[in-house]
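What follows is calculated from the coordinates using simple rules that are stated; it is not laboratory data. Note that the coordinates shown come from a computational prediction; the quantities given were computed from them, not determined experimentally. Methodologically, a virtual Cβ is constructed for each residue, glycine included, from the backbone with ideal geometry; neighbour enumeration extends over all protein chains shown.
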Amino acid sequence: MNDREPIGVIGAGWVGLVTAACFSELGHDVYVRDILQEKIDSLSRGEVPIYEPGLSEMLGRNSERLHYTLEMADLLPNAELLFCCVDTPPSYSGDADLSRVNRVVEEVGGSTDHALVMKSTVPVGTGRSIRRTANGAIGYVSNPEFLKEGSAVNDFMNPDRVVVGFEDSDDGFGERVAALYEPLDAPIVHTDVASAEMIKLASNAFLATKISFINEIANVSEELGANVDEVARGMGLDARIGPQFLRAGLGYGGSCFPKDVSALKQLAGNTGYHFQLLTSVIEVNELQKRRAIGKLQKHLGSLVGKEIALLGVAFKPNTDDIREATSLVLAGRLQSEGAHVRVYDPIASGRAGSLLGGARVAESALDAIDGADAVVLVTEWPEFRELDWEGDVKQKLRSPLVVDGRNFLDRELLTRAGYTYEGVGR
Ligand code: UGA
């Protein structure tokens, strides 16, 4: 063990493993606990069960400081700061399902030597209720994560800010958590627990709002002859607006935005407050996912019997995550319109399985395109831009129709090559 504070990580999912890897990189001994035997076995063998750029290398080079276990009893004697990184999936009501968090609280039990450091995204008020249940017998710190899939390791090591929420009565645990992040040289927001919880949900909800906003600007721009890329560039240079999250497309997906926006709306609803804005953000996003269908119909008429190639299954590039992915909604909708769907993704198609209905999972992008009446670009994987659009692709398509759902392809090149090109708000 080195002189840096050892830490515990509970839950070896995406957040837990990135947290463990990065703290080990910063020189800490990290004790990682998960309840799945196969996960612990594969991590102990040096195999990383998820795809995240840089993660497996980082875990590998720090393997001496990383200790994997199935037992909470192995964590407690070794680490006092216990990072809770278990899932909080949405429940049917739209509220976050806290059963896994609650199990962790029970298992950790009462110990004034330990603090639970909450990384999992939880409803505002969770910390207060856990503290009340534990009756002061365990420390509690809220330390939400702001990692993006596909760049999580880099986001952890170079954060815009670190948020640490704690109460004055917390025996210095909050300060100890803040100290862990000092080497990262980022602003640290010291605040109370409820505000820290709200910062997380409000940040995701605000980013989702930005996306739904630019998507509506795109939809109106299509009718009025403006180009949303130009509009976003011009808006983004205003420092008060900023250039990020102004990419129009087929809506946001993934395991965070849809869940967190619904959770915040639901939390507000539970207090009797109707969060009008978030209701619209969600509705706009749902409609946006389906807009490619109308564009196909505009050119192909009825979609019955038409062959449609979807490029991209993952909810965004550089991940194999298909949760709340637009591809799934589009594949289902196209098939209910009578179309035959083929899909290709560099890494995620295998994961989709039955979620794609009867869609054929193609071996390559060209295989998906072969004999298709139209191509819909759903996920902006760089390799899709590199396809030979003027040669191979054009020859294989039955008709040269491209719906570019992410404004990602070279519109001029495609138009010059004789394609009918439909972007989003272009
Ligand atoms: C998001 C947040 O960006 C992270 O800060 C947060 O920590 C994370 O959720 C979480 O709560 O765990 P993530 O879901 O990995 O991260 O993905 P993003 O890169 O934010 O993209 C979300 C969705 O928005 C994707 O479907 C993406 O295609 C879409 N998007 C993003 C747009 O349509 N337009 C944009 O301009 C940006």
Those helices of the chain passing the 27 Å axial Cα length cut-off and the mean Kyte-Doolittle cut-off of 0.0 (DSSP H runs only) are 193-224
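Taking K and R as +1 and D and E as -1, what net charge do the other residues with C-beta under 14 Å from the C-beta of residue 325 add up to? It would help to have the intermediate numbers written out before the result.
Numbers: positive: 259, 289, 290, 316, 323, 333, 351, 406; negative: 149, 286, 320, 321, 324, 345, 380.
Within the 14 Å Cβ shell, the charges total +1.
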Expressed in angstrom and rounded, the centroid-to-centroid distance over alpha carbons for the stretch 114-168 and the stretch 256-277 is 20
Output ordering of 91-101, 183-193 (per-residue mean of other Cβ within 10 Å, highest first) is 91-101, 183-193
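Excluding residue 29 itself, what net charge comes from residues whose Cβ is under 13 Å from its Cβ, given Lys and Arg +1 and Asp and Glu -1?
Working: positive: 4, 65; negative: 3, 5, 25, 64, 74, 80.
Local net charge: -4.
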Length gained if residue 182 through residue 351 is fully extended, taking 0.36 nm per residue and subtracting the Cα-Cα distance, is 57.0 nm
When 28, 340, 299, 274 are ranked with the fewest other C-beta atoms within 10 Å first, the list becomes 274, 299, 340, 28
If amide H atoms are modeled at 1.01 Å from N in the peptide plane, then the residues at a separation of 5 or more from residue 376, or on another chain, having amide H under 5 Å from its own are 309, 310, 311, 403
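Let me know the Kirkwood hydrodynamic radius for the stretch 1-123, please, with Cα pairs as the basis and the value in Å to one decimal. Write out the running numbers ahead of the final one.
Numbers: mean 1/r = 0.0682 Å⁻¹.
Final number for the Kirkwood radius of the stretch 1-123 is 14.7 Å.
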If each part is reduced to its alpha-carbon centroid, the stretch 295-368 and the stretch 1-55 end up apart, in Å, by 34
Compactness check, the chain: C-alpha Rg relative to the 2.2 N^0.38 Å globular estimate gives 1.07
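Let me check I've understood the local charge: for residue 265, count other residues with C-beta under 14 angstrom from its C-beta, Lys and Arg +1, Asp and Glu -1. What total comes out?
For residues surrounding residue 265, the net value is -3.
Assuming 0.36 nm per residue, please report the length gained on full extension of the stretch residue 111 to residue 92 beyond their Cα-Cα distance. Intermediate values should be presented prior to the final figure.
Numbers: separation 19, 0.36 × 19 = 6.84 nm, distance 3.39 nm.
Length difference between fully extended and current span is 3.5 nm.
Which trypsin sites (Lys or Arg not before Pro) from the stretch 1-82 combine a DSSP loop assignment with at most 16 other Cβ atoms within 10 Å? Before the final figure, lay out each step's value.
Values: sites: 4, 33, 39, 45, 61, 65; in loops: 4, 45.
Taking the stretch 1-82 and a limit of 16 other Cβ atoms within 10 Å, the loop trypsin sites (Lys or Arg not before Pro) found are 4, 45.
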Rounded to the nearest 5, the percent of antiparallel DSSP beta bridges in the chain equals 5
If amide H atoms are modeled at 1.01 Å from N in the peptide plane, then the residues at a separation of 5 or more from residue 188, or on another chain, having amide H under 5 Å from its own are 162
Which of 250, 287, 397 fluctuates most in a GNM of the chain (C-alpha springs under 10 Å)? That residue is 287
